Amino acid sequence: MSLLDYFKITKANSTATIAKERLQILVAHERSFKNQPSYLPQLQKELLQVIQKYVNVEQDAISVNFEQDEHQETLEVNIVLPEKSR
Amino acid sequence: MTRIIVVTSGKGGVGKTTTSAAIAMGFAQKGHKTAVIDFDVGLRNLDLIMGCERRVVYDIVNVIFGEATLNQALIRDKHCEQLYILPASQTRDKDALSQEGVGQILEELAAKDFEYVVCDSPAGIEKGAHLAMYFADDAFVVTNPEVASVRDSDRMLGILSSKSRRAEQGLEPIKEYLLLTRYSPERVRIGEMLSVADVQDILSLHLLGVIPESKSVLTASNSGMPVILDEKSDAGQAYADIVARYLGEDIPHRFIEEKKGIFGKFFGSK
Ligand SMILES: Nc1ncnc2c1ncn2[C@@H]1O[C@H](COP(=O)(O)OP(=O)(O)O)[C@@H](O)[C@H]1O
Ligand SMILES: [Mg+2]
């Protein structure tokens, strides 16, 4: 094994490589929130209030996701009901 | 025509003030009438880096509140007569800045035929940082080859493209440039530090220049001289390259590869 190979191997699992991979995932994830409408947190809060009038759900029982592609924008609302309510 | 440049990053301590001082001096040395504004209200430091801390009488908040004229507050640099510094207030809180007030100052600078206005942004994404970038034509995004800095820079890019005057008025977007600072080719070689290419892959920005990690930055700040005045230093030369490149000169990138000492030759650093 030449010295050069040694450097190549350390490069593949170096901390810089790990840093890059982590950043690529994180940045892609955070960019997907960039175009999100600013009313989302408020919408989520108010929806929760309405639902809590009828069902006893926790704060984190509701999630609101905004997604966007070239053709359409979708708003996905997910509410998880507690076991007992069935 | 006045060109407004914001030096920004999101993260603190990456080299914004060092960069603002250096490039403002660089523009002025090339004969362009330049102002550099400290937006870090409450934590002013640009005055120290520029070596004019004892000449500060009025500051940007005094001008906004009508307690002093812009002419009274602008400090003429002692090394270069084309360069003026507008200090931040040390005593007021950061909410003393207003969009209208900053806008008026920038208009007045334009009326006084300033060619470049360099806005040294505070860290964070709050009011000071927002106002520093709001009116910008160009953004110098100062980034260190380190995870938190790269992430914060990406965040800042999102803000530049959505919350600036140019974005709100539907004008041509702010031109964004990457300045990778505190770079250490040795550490990149051994896999300890993100490389220029890595950071560019993630941020996809036009690279204006790489500034090496350099002792000369500290010695320059010790004596209150922007590091670009230290023409023998690597960091000083890197900033001089950046200024020239920004002004349209075609200058190859330096400081990305390791210096070829005996060690470099021995291993034939490729
Ligand atoms: N290229 C560099 N090499 C070594 N030290 C640097 C370099 N750039 C900045 N520094 C140091 O980093 C610290 C933060 O720099 P500063 O310009 O004040 O950052 P910011 O304005 O982004 O908070 C200072 O101590 C400065 O001397
Ligand atoms: Mg600073």
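The values are calculated or read from the model by the stated rules, or taken from the named source; none is laboratory data. Remember, it's a predicted structure, so these values are computed and weren't measured experimentally. Here the Cβ positions follow ideal geometry from the backbone for every residue, glycine too, while neighbour counts run over all protein chains shown. When the accessible area is computed, the model is the full protein with side chains, heavy atoms only, and any ligands, DNA or RNA have been set aside. Shrake-Rupley method; radii C 1.70, N 1.55, O 1.52, S 1.80 Å.
Rounded to the nearest 100 Å², what is the buried accessible area between B and A, both sides summed, probe 1.4 Å? Could you put the intermediate results ahead of the total?
Values: alone 12830 and 7890 Å², together 19270 Å².
Summed over both sides, the interface buries about 1400 Å².
Ordering B:Glu213, B:Glu258, A:Glu58 by accessible area with a probe of 1.4 Å, largest first, what comes out?
A:Glu58, B:Glu213, B:Glu258
Of all the accessible heavy-atom surface of the stretch B:147-204, with the other protein chains kept in place and a 1.4 Å probe, what percent is carbon and sulfur? Intermediate values should be presented prior to the final figure.
On the way: 1160 of 2620 Å².
C and S fraction of accessible area: 44 percent.
Averaging the inverse of every distinct alpha carbon separation and then flipping it gives the Kirkwood radius. What is it for chain B, in angstrom units?
Numbers: mean 1/r = 0.0534 Å⁻¹.
One over the average 1/r among Cα pairs gives 18.7 Å for chain B.
What are the residues whose amide H is under 5 Å from the amide H of B:Ser184, where those residues sit 5 or more places off or on another chain and H is modelled from the backbone?
Placed amide hydrogens put B:Glu213 under 5 Å from B:Ser184.
Rounded to the nearest 0.05, what FRET efficiency do B:Ala244 and A:Ile18 have when you use their Cβ-Cβ distance and R0 = 25 Å?
Details: r = 36 Å, r/R0 = 1.44.
It comes out at approximately 0.10.
Can you give me the distance in nm between label points at B:Glu107 and B:Gln90, each placed 7 Å from the Cα along the Cα-to-Cβ direction?
So the two model labels end up 3.2 nm from each other.
For the stretch B:189-262 and the stretch A:52-77, compute the distance between their C-alpha centroids and round to whole Å.
A separation of 46 Å, based on Cα centres.
Using only protein heavy atoms and a 1.4 Å probe, report how much of B:Val41 is accessible, in Å² to the nearest 10.
Accessible area of B:Val41: about 10 Å².
In debye, nearest 20, what is the charge dipole magnitude of chain B about its Cα centre with +1 on Lys and Arg Cβ and -1 on Asp and Glu Cβ, if you could check? Kindly include the intermediate steps, with their values, before the conclusion.
Values: 31 positive and 38 negative charges, 121 e Å.
Dipole size: approximately 580 debye.
Once you keep just the Cα pairs under 8 angstrom separated by 6 or more residues, what percentage relative contact order results for chain B? Can you show the working numbers first?
Details: 540 pairs, mean separation 64.1, N = 270.
Rounded, it is 24 percent for chain B.
Regarding the stretch B:23-176, what whole-number volume in Å³ per residue does the convex hull of its Cα atoms give? All intermediate terms of the calculation are to be shown ahead of the outcome.
Numbers: hull volume 18.3 nm³, N = 154.
Residue-normalised Cα hull volume stands at 119 Å³.
Label 7 Å along Cα→Cβ of A:Gln36; the stretch B:139-175 residues with amide nitrogen under 16 Å?
Zone members listed by number: B:155-156, B:158-159.
Take every Cα pair under 8 Å in the stretch B:28-148 that's 6+ residues apart, average their separations, divide by the length, and report that relative contact order as a whole percent.
Numbers: 184 pairs, mean separation 42.5, N = 121.
The value is 35 percent.
B:Glu53 to A:Val50: FRET efficiency via 1/(1 + (r/R0)^6), r the Cβ-Cβ distance, R0 45 Å, to the nearest 0.05? Walk me through the intermediate numbers first.
Numbers: r = 57 Å, r/R0 = 1.27.
My answer for the efficiency is 0.20.
Given R₀ = 51 Å, FRET efficiency for B:Leu218-A:Leu81 by Cβ-Cβ distance, to 0.05?
On the way: r = 60 Å, r/R0 = 1.18.
Given R0 = 51 Å and the Cβ-Cβ separation, E is 0.25.
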